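Report on the structure given below.
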Amino acid sequence: MTLPIHGLHHVTAIASSAQGNSDFFTRTLGLRRVKKTVNFDDPGTYHLYYGDGQGTPGSVMTYFPFRHVGQGRPGLGEVGETAFSVPQGTLGFWKERLAAQNVQGLVETEAFGEKRLRFLGPDGDGLALTEVAQDARTGWTGTVPEAQAVRGFRGATLRLRDEGATGELLRFMGYDRLGTENGVTRYGIPNGNGADIIDIETLPGAEHAEQGAGSVHHIAFAVPDRAAQLEVRKALVDTGYQVTPPIDRDYFWAIYFRTPGGVLFEVATDEPGFTRDEPADRLGQDLKLPTQHERLRDRIEAHLEPITD
Ligand code: ZN
């Protein structure tokens, strides 16, 4: 049986400042803000989405900015690093650009034959740019020229005590185990959307992560549509996972389940996408509210920290 998962859909993390977060992802990394909305369960908090021009699944980094949240503490049971794909030969450009903008934690590394520039986001978020030779996706050219632009995710690194059960789950989800290098095991999805890689970094002696600003809240995998999502849900439930029913998130449908290593996984549909409630040329500009919160618009707008572009 092959499940219809074809890579990452989005990665959702926690920030301390909406403005600082928006500035970093749009100005520094050059992504497009493709949606400005609120947290469904906490409409006094923004939910900001950044990605390529359309917010194509596999390119979308999202954040919940909580003004008074404490700093997260990196550790086990979380996504430790989120990596974006950039064209071959561009890490020099990026290193200079990020250094000039005072981005912290810049370290060049190489793993699995790929050059990677690791760095920290505004809340200490573990981020990286990876040079990928074969990536047909087109990046958004907001503040970065097309020749260097981020084309979407390359993948994410899970930090775990051991690879065991989570590795088994990834294989069940359709990932191939590609190899191990320096304590990191790489999994890849065949025929994926470009956001193809999940690395498992095992740190047996480390402490569990504490979630806060700079932490990833959950990671979402992509399926084409709701029928495919039900198929994945049934397979997971039959295997013994406790999976939520499909939840309407306006721009996709979502199911969630906790993995053996502690990371929260989501499976999200590629449809209907971010043009559901605003035209493609206006994405991310106006505050869009989920239908059930629209009647509270005045109160919500008065409460939210304004974001200037
Ligand atoms: Zn999500």
Checklist entry - Can you give the accessible area per residue of segment 7-58, in Å², using a 1.4 Å probe? => result 20 Å²
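Roughly how many Å² is the accessible area per residue of segment 124-226, as a whole number, for a 1.4 Å probe? Walk me through the numbers on the way to the answer.
Values: 4250 Å² over 103 residues.
Per residue, segment 124-226 has 41 Å² of solvent-accessible surface.
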Checklist entry - To the nearest 10 Å², what's D309's accessible area with a 1.4 Å probe? => result 110 Å²
Checklist outcome for this item: Dividing the helical contributions, -39500 (n - 2.57) per DSSP H run of n ≥ 4, by the residues of the chain yields a 222 nm value, nearest 500 deg cm²/dmol, of -4000 deg cm²/dmol
Next on the checklist: Quick check: with the 1.4 Å probe, what order do F172, F265 take by accessible area, largest first?
Outcome noted: F172, F265
Item to check | Solvent-accessible ranking of E78, E301, largest area first, probe 1.4 Å | outcome: E301, E78
Checklist entry - What accessible surface, in Å², does a 1.4 Å probe find on T291, ignoring ligands, DNA and RNA and rounding to the nearest 10? => result 110 Å²
Next on the checklist: Quick check: convex hull over the Cα atoms of segment 106-196, volume per residue in Å³, rounded to an integer?
Outcome noted: 129 Å³
Checklist entry - Y241: accessible area at probe 1.4 Å, nearest 10 Å²? => result 50 Å²
Checklist entry - Suppose every K and R has +1 on its Cβ and every D and E has -1 on its Cβ; what is the size of the dipole of segment 8-303 about the Cα centre, in Debye to the nearest 20? => result 380 debye
Checklist outcome for this item: Once K95, K36, K115 are ranked on solvent-accessible area with the largest value leading and a 1.4 Å probe, the list reads K115, K95, K36
Next on the checklist: In whole percent, and with a 1.4 Å probe on the protein chains, what portion of the accessible area of the chain is carbon and sulfur?
Outcome noted: 49 percent
Next on the checklist: Let me see the P(r) profile for segment 8-303: every Cα-Cα distance counted, bins of 5 Å, each bin given as a percent of all pairs.
Outcome noted: 1, 5, 12, 17, 20, 18, 14, 8, 3, 1, 0
Checklist entry - Residues with beta-carbon under 15 Å from that of T244, excluding T244: net charge, scoring Lys, Arg +1 and Asp, Glu -1? => result +2
Item to check | Karplus (6.51, -1.76, 1.60) ³J(HN,Hα), θ = phi - 60°, over segment 62-73, in Hz, Gly and Pro reported as x | outcome: 10, 9, 9, x, 10, 4, 10, 6, x, 5, x, 10
Checklist entry - DSSP beta bridges in the chain, what fraction antiparallel, as a percent rounded to 5? => result 65 percent
Checklist entry - Under 14 Å from a point 7 Å along the Cα-to-Cβ line of F172: which residues of segment 208-227 have their amide N that close? => result none
Checklist entry - To one decimal place, what orientation-averaged projected area in nm² is obtained for the convex hull of the Cα set of segment 144-256? => result 9.8 nm²
Checklist entry - With no solvent and one point on each alpha carbon, what is the Debye value of log10 I(q)/I(0) for segment 1-131 at q = 0.22 Å⁻¹? => result -1.51
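The values are calculated or read from the model by the stated rules, or taken from the named source; none is laboratory data. All values derive from a computational prediction rather than experimental measurement. In this analysis, Cβ positions are derived from the backbone assuming ideal geometry, glycine residues included, and neighbour counts consider all displayed protein chains. SASA here: full protein model, heavy atoms, side chains in, ligands and nucleic acids out. Shrake-Rupley method; radii C 1.70, N 1.55, O 1.52, S 1.80 Å.
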